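What follows is a single structure, written as structure tokens, with notes after it.
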Amino acid sequence: MLFQTLKRDPQAEASLQKALGLEPTNMDYLYALADFYLKRNRLAEAKKVAENMVAAHPDQRVGKELLEIIERGHKNQSSVISNQ
């Protein structure tokens, strides 16, 4: 989180991925990485992480909600591209 605040995205991403490597089903780490990608409009990567959240924690709503947000983002991007 500190790296994100300092605008050091490569280090932030590497730290989040390392944390997930140690605890691949940790909901906090999954959410943090999905949020990281989502805020940078890296929707395909955010979607993969959100799908992992749903698979690891099907009883938690947050993963499903993230997938819905990402799908809306994909639709918005598609409409912008088709309107150009």
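The values are calculated or read from the model by the stated rules, or taken from the named source; none is laboratory data. Computed from a predicted model, the values in this text were never measured in an experiment. Positions of Cβ are generated from backbone atoms using ideal geometry, with glycine treated the same way; all protein chains shown enter the neighbour counts.
Report yes if VAL54 is at pLDDT 95 or above, of a type in the set (Val, Ile, Thr) and either in a helix (DSSP H, G or I) or within 9 Å of the chain's Cα centre (by Cα) (or both), otherwise no. Break it down into steps so the answer makes sense when it comes.
Working: at pLDDT 95 or above: yes; of a type in the set (Val, Ile, Thr): yes; either in a helix (DSSP H, G or I) or within 9 Å of the chain's Cα centre (by Cα) (or both): yes.
Here the answer is yes, as VAL54 does meet what is asked.
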List every residue pair whose Cβ atoms sit under 9 Å apart, with the two residues 6 or more apart in sequence or on different chains, where the first one lies in region 52-74 and is touching a residue at least 24 places away in the same chain (Cβ under 8 Å) and the second, anywhere, is surrounded by 14 or more Cβ atoms within 10 Å (Cβ to Cβ) and acidic (Asp, Glu). GLY63/GLU51; LEU66/ASP35
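For ALA44, state whether it is part of a helix (DSSP H, G or I) and at pLDDT 95 or above. Can you show your working first?
On the way: part of a helix (DSSP H, G or I): yes; at pLDDT 95 or above: yes.
For ALA44, the condition - part of a helix (DSSP H, G or I) and at pLDDT 95 or above - is met.
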Which of the residues belonging to region 1-30 are closer than 27 Å to ARG61 by Cα, at pLDDT below 95 and in a loop (DSSP other than H, G, I, E, B)? MET1
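So which of ASN41, ASN52 ends up being under 22 Å from ASP9 (Cα atoms) and exposed (fewer than 14 other Cβ atoms within 10 Å of the Cβ)?
Numbers: ASN52 fails: exposed (fewer than 14 other Cβ atoms within 10 Å of the Cβ).
Going through ASN41, ASN52 in turn, the sole match is ASN41.
Can you name the residue in region 7-36 that is of a type in the set (Phe, Trp, Tyr) and farther than 15 Å from GLU65 by Cβ and is also nearest to the chain's Cα centre (by Cα) among such residues? Show your work before the answer.
Start the filter on region 7-36 by keeping residues that are of a type in the set (Phe, Trp, Tyr), which leaves 29, 31, 36.
Still in the running and farther than 15 Å from GLU65 by Cβ: 29, 36.
Numbers: TYR29: 10, PHE36: 6 Å.
Taking the candidates together, the pick is PHE36.
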